[in-house]
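Trainee: Here it is, the structure, as C-alpha cells.
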Amino acid sequence: MLAQRDIEGNVYKVGLSLPLSGNFASTGEDVLSGIQLAVKHIKAERGVEIHLVVEDSKADAKSAVDVAHKMLDVDKLPMVISGPGSSANLAAAPIYEQRRTFFFVVSQTPKLNNAGEYIYKFSPDVPKEAVLMAKHLHETGIKHLGIIFDSSSDTSFTINEVLLKEFMVGSSTATSEAVDAKTSNDFRSSLTKIKAANVDALFLAPGPDKVIAQVINQARELGINVPLFSWSPLETKTIIDSAKQNAEGIVYTALPFSCEYGNTQMKSYCDEFEKAYPGKNPLHFGPQAYDALVLYINAILTAGLKPEDLQSQDGKDRLRYELAKIKNYEGVSGDISLDEKGNITEKAFQLRQVKDGKFIPYIK
C-alpha cells in the first residue's frame, strides 16, 4: 500500500463518458453528481487527488465511440466510467478493451458481461427485473399483458424479450409494441394498438424517466385505465412531477438503493447529496458510479500504483489482480461482489410502488 508521502502530489485522471444531453440526460447528471461526491470523499478519506475529464456520450453509439477515441488518443486516460445507454456502451467497449483501458460501466445490458478483461459492469443484469416482474404479474392474476419498449435501446429490448418469455406460460398472452424513444415523443399509435388488444395491464419500459412519463400520460389520455407496471428507471422525481396522479399505483422493479428505506451507507450518501445539490433527488445511477470510483482508487492504493504505473502492462495487471478480490463490499449502492469477469453479482431487485406521490415498498 502507498504511504501518505507517496500519495501526496499525485493526481489520478479518470474519464467520464456520460449522456448529458437528450432523453438520458437525467441519468448522466446523476452519475456525474455521484462521481463528484466520490472525488470529495476520496480526497478527505484517502488524501488522493482525482482529475475528471467529462464528455457527453449522448447515449448514442457514434458519439460514445468518438468520446472513446478522444479519451484514449488525446487525454491518454487509463480509466473511463460510463453512464447509462446500452447501445452506446456496447459500441465503445471493444475500443477500450483493445487498448487495454479500464472501462467501468453503469449499464444493465447482459451483452457487456463478456465484453473483455478490462470491462467492469456495476449494474445487475436487466433480465432479473423481467423475471421478478413476470412472477408478480402471475401472482396478481394478469392474463393478457401489454408491453411498450424502446427498440433503440438494447437494455429495453432485452427486458421485453425476457418478460415475454417469462410471462407467456400456460394461458397467459402478451401484446408487445416497439417505439423509438430517440426520434419520437408521440407514442399514441403504439398505445392505440395496445388498447385495441384489450390487455389486463400495461408494462412500460420505453426508455428513461422522461419517456416513461410521456407514455404514462398518453396512455391515460387515450383511456387506457388498466394497472400500470414498469422497471427501475421509473424511480425519479421526473415521474412524480410530470405524470402526477397518472403515476399513482404503478408497481415497478427497483434496485436496493433508497434514501428512505436503504441502509446506513445509502442514507449517508443521500444526506451528502442533499447538501451538495439542494433541490435535487439522487437516482440509483450515481451511487453505482460512486462505488465504482471508490473501489478503483482503493485497488490502486492497495496495489501501490502511482498514476504513471497505470500506463504500463505490469501496473494494469496488478490493478486487475486487486479488482478481482472485490467481494462483499458494503457500498452506497448496496453490497458489491465482482465475478471472475468483472461483473457485479447478485444484487436482488425488489418491488416498489408509487403511492401518494412517493416511492414506497410494495404492499400486497
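Trainee: Taking amide H atoms as placed 1.01 Å from N in the peptide plane, list the residues 5 or more away in sequence, or in a different chain, whose amide H sits under 5 Å from that of Lys355.
Mentor: Amide H neighbours of Lys355: Gly249, Ile360.
Trainee: Towards the positive end of the charge dipole of the chain, with charges on Cβ (+1 Lys, Arg; -1 Asp, Glu), say which of Leu293, Tyr252, Pro282 has the farthest Cα.
Mentor: The listed residue farthest towards the positive side: Tyr252.
Trainee: Roughly what angle does helix 209-221 make with the longest principal axis of the chain, taking Cα atoms, 0 to 90 degrees, to the nearest 10?
Mentor: 10
Trainee: Let me ask another. Could you work out which residue, out of Ala181, Ala196, Ala243, moves most in a Gaussian network model of the chain, that is, has the largest mean-square fluctuation with Cα springs under 10 Å?
Mentor: Highest fluctuation among the options: Ala196.
Trainee: Checking the table Lys182/Lys347; Lys143/Lys165; Lys111/Lys165; Lys111/Lys341 against a 20 Å threshold on Cα-Cα, which pairs fail?
Mentor: Among Lys182/Lys347; Lys143/Lys165; Lys111/Lys165; Lys111/Lys341, the Cα-Cα distance tops 20 Å for Lys182/Lys347.
Trainee: Give me, ordered by chain and number, the residues 5 or more places off Ser57 or on other chains with an amide H under 5 Å from its own placed amide H.
Mentor: Those lying under 5 Å, H to H, from Ser57 are Leu18, Leu20.
Trainee: Taking the Cα centre of the range 127-254 as origin, sum charge times position over the Cβ atoms of Lys and Arg (+1) and Asp and Glu (-1), and report the length of that vector in debye to the nearest 20.
Mentor: Computed about the Cα centre, the dipole is about 180 debye.
Trainee: Could you tell me the calculated FRET efficiency between Arg99 and Ser21, based on Cβ-Cβ distance and R0 = 25 angstrom, to the nearest 0.05?
Mentor: 0.45
Trainee: While we're on this one: Would you mind checking the range 208-237 for residues with the amide N under 15 Å from a putative spin-label position 7 Å along Cα→C-beta of Asp186?
Mentor: Residues 215, 218-219, 222 qualify, since their backbone N sits under 15 Å from the label point.
Trainee: Still on this model: How many percent of DSSP beta bridges within the chain run antiparallel, rounded to 5?
Mentor: 25
Trainee: Continuing with this model, one more query. Summing Lys, Arg as +1 and Asp, Glu as -1, what charge do residues with Cβ under 14 Å from the Cβ of Ala178 carry, Ala178 excluded?
Mentor: Net local charge, Ala178 excluded: -3.
Trainee: Okay, helix-only estimate at 222 nm for the chain: each DSSP H run of n ≥ 4 adds -39500 (n - 2.57), divide by all residues, round to 500 deg cm²/dmol; what do you get?
Mentor: That calculation yields -13000 deg cm²/dmol at 222 nm.
Trainee: Report the full-extension gain for the segment Asp241 to Arg220: residue separation times 0.36 nm, less the Cα-Cα distance, to one decimal in nm.
Mentor: Using 0.36 nm per residue and subtracting the Cα-Cα distance, I get 6.0 nm.
Trainee: Non-local amide H neighbours of Val179 (under 5 Å, H modeled in plane, Pro and chain starts lacking H): which ones?
Mentor: Here Phe149, Asp150, Ser151 satisfy the definition.
Trainee: Could you name the aspartates and glutamates whose alpha carbon sits less than 16 Å from that of Lys193, not counting residues in the same chain fewer than 8 places away?
Mentor: The qualifying aspartates and glutamates are Asp150, Glu177, Asp180, Glu221.
Trainee: Quick one: how many lysine pairs in the range 233-320 have C-alpha atoms under 25 angstrom apart, if they're 8 or more apart or on different chains?
Mentor: Counting lysine pairs in the range 233-320 gives 7.
Trainee: Enter the Cα centre distance for the pair the range 87-118 and the range 296-364, rounded to the nearest angstrom.
Mentor: What the calculation gives is 15 Å, centre to centre.
Taken together, the values in this text are just the output of simple stated rules run on the coordinates, not laboratory data. In this text, all values refer to a predicted model and were calculated from it rather than measured experimentally. Neighbour counts are summed over all protein chains in view; Cβ atoms, including those assigned to glycine, are modelled from backbone coordinates with ideal geometry.
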